[in-house]
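Have a look at the structure below, then the notes.
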Amino acid sequence: MSARDTARAIDALRRGWPVALALPSGRMALLPIETADAVRLNDFDPAGTAPVLLSAGRAETLKLTNQRAAAAPDCPVLIDRAPWLDFDAAVALADPQFDLLHPLQGPYRAIELADPNGARWALRLARIAGLLPAFFVRAGVQAEVELTPDDIDAHEDAARLMIAARARLPVAQAEQAELVAFRSPEMAGEHVALVIGMPDGRPPLVRLHSECLTGDVLGSLKCDCGPQLDAAIARIAQEGWGILLYLRQEGRGIGLINKLRAYQLQDQGFDTVDANTRLGFAVDARNFRVAARMLALLGQEKVRLLTNNPDKVATLAAAGIAVAERVPHSLPPNPHNARYLATKRDRTGHQF
């Protein structure tokens with residue numbers, strides 16, 4: 001495993017350069033549609049034969065799945081390179097902001113994937129890089145930057161997380177607090193824990209809070225993240241002892257830019273679930289195993305969890321952290337986030 005190879009691949013994709021995945025079935029060269037251009041596509045594929053790889057959700061949105069793909073709903077879809085599938089047409093396939101502006105030319109034809117698992121690794125790499133999950137693909141072709149599935153796995157391997165630094169940090173609602181920073185060799189950013197009060201023999205009250213720049217910092221009314229963060233710190237301080245885990249997983253794990261794209265789709269009438277699917281992502285791409293690792297490093301193997309999300313309870317339990325109690329954490333809606341909260345309740349199983 002190489003942290004360097006993963007970092008180089010992410011950097012290359014964000015710059016619109018091709019990378020290659022070294023798979024058991026052979027190399028798969030990938031050119032990111034979001035950040036490349038027509039000139040780079042011509043350099044990558046002068047014969048004009050490289051098909052387009054899309055996520056299953058995006059292909060279904062565009063009605064481009066064939067019967068075989070429809071039978072495997074989580075399987076990526078490969079679109080044959082028709083003469084009219086130039087770079088601009090590929091951008092229209094990849095980016096839902098153009099769905100209402102550029103009707104598909106077509107007809108497009110989904111073709112069989114030689115290596116479905118390799119395609120899944122490719123789309124996972126796109127998510128890690130914060131890009132739309134769409135590539136031009138060439139089999140058996142080398143690229144200057146090459147990585148393996150093990151490299152991608154290591155990038156999100158919670159077991160590699162370690163404590164990097166810690167310091168006392170009095171905050172507005174909890175003067176007796178300490179901030180603990182965690183990182184791994186692969187991570188570009190750091191997760192942090194705000195430890196409030198001192199252990200007193202009881203399981204700590206714990207809140208898993210995913211980073212939300214728009215809500216936590218700018219006061220967005222489209223979600224309830226900012227108020228939830230403030231209320232969680234106040235509740236833990238009131239309890240006298242607990243931990244707030246601040247997880248660097250913006251936009252349910254798809255990144256800030258893709259979250260803003262999802263917001264744009266919500267303005268067109270789609271809810272948060274359908275917006276993520278139209279972008280080609282999972283409904284929730286967060287990795288809560290990271291939270292379990294952080295708690296273990298802090299010596300806490302049994303907690304009371306401040307959450308409405310049963311998935312958080314299940315993931316912690318599966319990772320060896322016992323949840324003694326689920327403590328609901330609800331706040332009143334406002335006119336801007338009422339639909340968002342209803343979607344969490346009705347479509348993602350939140351229990352308020």
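The values are calculated or read from the model by the stated rules, or taken from the named source; none is laboratory data. Just so it is clear, the model here is predicted, and its values are computed rather than measured. All Cβ positions, even for glycine, are placed from backbone atoms using ideal geometry, and neighbour counts span all protein chains on display. Side chains included, ligands, DNA and RNA excluded: accessible areas come from the protein's heavy atoms. Shrake-Rupley method; radii C 1.70, N 1.55, O 1.52, S 1.80 Å.
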Could you tell me whether any residue of segment 296-305 is modelled with pLDDT of 90 or more, in a loop (DSSP other than H, G, I, E, B) and crowded, with 18+ Cβ neighbours inside 10 Å? yes
D346 fails exactly one of (1) at pLDDT 85 or above; (2) open to solvent by 40 Å² or more (accessible area, probe 1.4 Å); (3) of a type outside the set (A, V, I, L, M); (4) not in a strand (DSSP E or B), namely (1)
Of (1) crowded, with 23+ Cβ neighbours inside 10 Å; (2) part of a helix (DSSP H, G or I), A314 fails just (1)
Restricting to segment 1-28, give me the number of residues that are at pLDDT 95 or above, part of a helix (DSSP H, G or I) and among the basic types (K, R). 1
Taking strands (runs of 3 or more DSSP E) that fall entirely within segment 144-233, which contain at least 1 residues that are open to solvent by less than 20 Å² (accessible area, probe 1.4 Å)? 145-147, 177-183, 191-197, 205-210
Can you tell me which residue within segment 111-136, out of those that are part of a strand (DSSP E or B) and open to solvent by less than 20 Å² (accessible area, probe 1.4 Å), is nearest to F281 (Cα to Cα)? A134
Counted residues, segment 234-287 - those being open to solvent by less than 20 Å² (accessible area, probe 1.4 Å), among the polar types (S, T, N, Q) and either at positive phi or assigned to a helix (DSSP H, G or I) (or both): 3
Given the structure, is L31 in a strand (DSSP E or B) and under 20 Å from G280 (Cα atoms)? yes
Long-range neighbours under 8 Å by Cβ, at least six apart or interchain, first residue farther than 17 Å from D311 by Cα within segment 208-219, second open to solvent by 40 Å² or more (accessible area, probe 1.4 Å) and assigned to a loop (DSSP other than H, G, I, E, B): E211/R248; T214/K222; G215/K222
Go over the candidates A38, A20, A29 one by one and state the one that is in contact (Cβ under 8 Å) with a residue 12 or more places away in the chain, farther than 15 Å from V145 by Cα and small (G, A, S). A38
